[in-house]
There are 2 protein chains.
Amino acid sequence: MPLAITEIKKHLPGFPPELLEEISEHGMMKEVPEGVEILKEGQYIKVIPIVLEGLVKVFTRMEEKELLLYYIGPAQSCIMSFSSGLSNSPSRIFAFTEDASLLLLLPTDKLNKWVKQYPAVNELFFQQYNLRYTEMLDTINSLLFDKMDQRLYNYLLEKSRMKGEKILPLRHKQIAGELGTAREVVTRVMKRLEQEGKVKQLPEGIQIN
Amino acid sequence: MPLAITEIKKHLPGFPPELLEEISEHGMMKEVPEGVEILKEGQYIKVIPIVLEGLVKVFTRMEEKELLLYYIGPAQSCIMSFSSGLSNSPSRIFAFTEDASLLLLLPTDKLNKWVKQYPAVNELFFQQYNLRYTEMLDTINSLLFDKMDQRLYNYLLEKSRMKGEKILPLRHKQIAGELGTAREVVTRVMKRLEQEGKVKQLPEGIQIN
DNA sequence: GCCAGCCGGTGACCACTGTCACCAGGCTAA
DNA sequence: TTAGCCTGGTGACAGTGGTCACCGGCTGGC
């Protein structure tokens with residue numbers, strides 16, 4: 001069953017009508033609940049997702065230790081899928097839904113064609129590469145130059161901004177995972193941030209001031 | 001004076017004849033000696049370089065501390081220039097010639113057109129984005145997971161590979177700059193690597209075993 | 001010959017962070 | 001109720017790396 005064109009158009013207004021029709025024919029819409037792994041390390045890619053609604057988080061991992069690289073928001077796509085899909089190489093990262101999400105799945109072979117045919121697609125992926133490049137640059141700078149308190153605080157601010165929430169229901173363990181550190185370290189640093197008045201730990205979660 | 005088409009073609013064999021002619025008309029060839037800054041932080045870009053011969057190194061910097069991100073080799077281009085040039089935003093990184101280099105300079109407005117017009121240009125920049133993305137990912141993993149000895153050794157191996165030399169004429173201070181650490185730390189770690197038999201410090205430079 | 005400057009080398013010190021061990025409170029399932 | 005589990009919280013400790021002070025050797029300029 002082809003997808004509803006008006007539905008796709010709503011999320012991707014820049015795409016021309018012919019492209020929307022092609023997407024309607026070959027693409028697939030998928031609703032994914034929160035906390036589902038949508039891309040594994042080492043996996044070969046056959047479809048490339050574009051996030052229409054929700055939020056997807058992207059990680060790197062080495063031996064039990066992980067690090068959050070960036071979020072994929074609405075109307076954004078996953079560069080690693082794109083790159084892996086077109087060059088037929090395995091993924092170096094893995095991705096989870098952070099919130100329940102609506103994904104548009106595009107088959108790699110068609111997308112390869114569309115990139116050449118439709119400037120809007122071409123531009124989308126250039127923009128995405130560029131965005132991720134600068135985000136990775138920020139991550140590198142943060143890793144190299146910032147102490148844990150700054151990194152943790154930035155992380156909370158960013159998360160709060162992405163979600164539009166002042167109170168984040170996060171476990172210390174979970175934060176530790178996303179920052180590539182240990183739970184005790186998060187506890188310690190959270191205490192310090194609280195004393196400095198930057199955050200407040202409530203039973204419901206962490207309030208950012 | 002237009003550039004010699006045969007000369008350009010030699011370095012960029014994938015480009016079609018019409019494109020080579022356009023490049024010949026609007027591009028500029030520039031020989032740059034070793035150790036020259038070719039891209040500053042905060043600088044706005046009017047031309048995008050493609051390295052034809054030589055080697056260019058790309059850095060990030062924050063308050064006196066620097067970190068080598070990657071090298072741009074022959075037939076490769078600078079993604080940050082490309083991105084900054086097309087979106088007219090300032091550069092977040094800076095770049096030096098590591099060896100004397102021959103650069104092909106392309107004006108941003110023309111390149112913008114060529115990307116849409118010639119698939120070969122389009123693909124080149126997608127490839128470059130992809131390459132830099134994975135290199136940044138390696139850098140992040142190295143920063144997060146490796147100790148200084150591993151980072152330093154990887155750095156030496158990579159440098160040796162890029163240059164095709166077993167003996168690298170490097171100062172400790174210079175290495176420290178490229179790894180974002182202090183000179184004393186390099187001295188310390190070099191000593192350890194030497195004791196482990198991985199490298200040897202000679203008067204002419206550092207020999208990689 | 002003498003001095004300045006750069007280079008590697010070293011010891012002392014300290015801040016940060018990762019790790020281990022352990023505890024108390026709260027919640028849940030048996 | 002009890003046992004188990006997850007959570008945050010702590011103290012002790014060690015390893016890493018950044019900083020400071022200072023050295024001796026070498027070199028190039030005067």
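The values are calculated or read from the model by the stated rules, or taken from the named source; none is laboratory data. Everything numeric here is computed off the predicted structure, so don't read it as measured data. As a convention, Cβ positions derive from the backbone with ideal geometry for all residues, glycine included, and neighbour counts pool all protein chains shown.
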Within the stretch A:121-152, the residues that are more than 26 Å from residue B:148 (Cβ to Cβ) and more than 11 Å from chain B (Cβ to nearest Cβ) are A:121, A:124
Which numbered condition trips up residue B:53, out of (1) touching a His at 6+ places or on another chain (Cβ under 8 Å); (2) crowded, with 19+ Cβ neighbours inside 10 Å? (2)
Is one or more of the residues making up the stretch B:141-151 surrounded by 20 or more Cβ atoms within 10 Å (Cβ to Cβ), of a type outside the set (Asp, Glu) and within 29 Å of residue A:142 (Cα to Cα)? no
Do you know which residues across the stretch A:155-209 are free of Cβ contacts under 8 Å to residues at least 24 places away in the same chain, away from DNA strand C (no atom under 15 Å from the Cβ) and more than 17 Å from the chain's Cα centre (by Cα)? A:165, A:194, A:197, A:200, A:209
Tell me whether the stretch B:153-175 contains one or more residues that are within 14 Å of chain A (Cβ to nearest Cβ), of a type in the set (A, V, I, L, M) and over 18 Å from residue A:144 (Cβ atoms). no
I want to confirm something. Restricting to the stretch B:62-75 and keeping residues that are under 15 Å from the mean Cα position of the chain (by Cα) and within 9 Å of another protein chain (Cβ to nearest Cβ), which single residue is surrounded by the most Cβ atoms within 10 Å (Cβ to Cβ)? B:67
Going through the stretch A:76-92 in order, the residues found to be surrounded by 22 or more Cβ atoms within 10 Å (Cβ to Cβ) and either touching an Asp or Glu at 6+ places or on another chain (Cβ under 7 Å) or facing chain B (nearest Cβ under 9 Å) (or both) are A:79, A:80, A:82, A:83
Just the residues that are among the hydroxyl-bearing types (Ser, Thr, Tyr) and either more than 21 Å from residue B:132 (Cβ to Cβ) or at pLDDT 95 or above (or both), please, taken from the stretch A:112-138. A:118
